[in-house]
Every structure is written in structure tokens, then in C-alpha cells.
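Only one structure is covered here, and it is reproduced in the block below.
Just so you know, all these numbers are worked out from the coordinates, no wet-lab data involved. Owing to the predicted nature of the structure, the values given are computational and were not obtained by experimental measurement. A quick note on method: Cβ atoms are made from the backbone with ideal geometry, for glycine too, and the neighbour counts reach across all protein chains shown.
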Amino acid sequence: MQVSFVYILLCSDNTFYTGITHNVYKRFDEHQDGKHFGSYTFTRRPVELVFFCQFMDIEQAISFEKKIKKWSHAKKQALIDGRYEDLPNLAKKNFKR
């Protein structure tokens, strides 16, 4: 069974990018080097690897990545900071009326 990683990058415009990979350091280097022209991070470099976690089950990794992508910036920051007790109370999105 292959290990998978869900990771979060902090981009130069203070946004987060969440992804999944089998080699987190290689994938980080690809983002940093701009390997994929037109990707979200390409024009937002430099990027910083601020969070990653490891999964033995790819399906769980995919599920977690999809969940994080729906989270607000504040909720992602709480995860990065290790403030797990704050996660349930943070809104998914800050919708403007």
C-alpha cells in the first residue's frame, strides 16, 4: 500500500492551495519551480509548505482533501496552527450578502 499526503501551501498572495500527492517534498518543489504552467500556484509563487498529513488509504486522503478545500481561510489556518478545538466552530465559508 502506497502512502498518500494531503498538503496545504501558503501562496504569496496569502491564499491557501490544498492538494494530494504520494511524494509531498517532490510535489512542493514542482509547485515552487512552476512546473505546471497555468496551475493555481504558478502565478502565486513563492509558496510555503505549511501543513501536511499522511494517509495509508488513498480514499481517506481524497476525502480529507475535498473536505479541506471547502473550508474557510480561518478554518484552514486553525488546522495549520494545530488549533483542533476551534475547527468545529469555524464557518465553512464567509458568504457576503
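General remarks:
- Evaluated with a Cβ-only charge set (Lys, Arg +1; Asp, Glu -1), the range 4-89 carries a dipole of roughly 240 debye about its Cα centre, given to the nearest 20.
- Bridgeable aspartates and glutamates around residue 66 (alpha carbons under 17 Å apart, same-chain partners fewer than 8 residues away excluded): 57.
- Intensity falloff of the chain expressed as log10 I(q)/I(0), Debye formula with alpha-carbon point scatterers, at q = 0.11, 0.13, 0.16 Å⁻¹: -0.33, -0.47, -0.70
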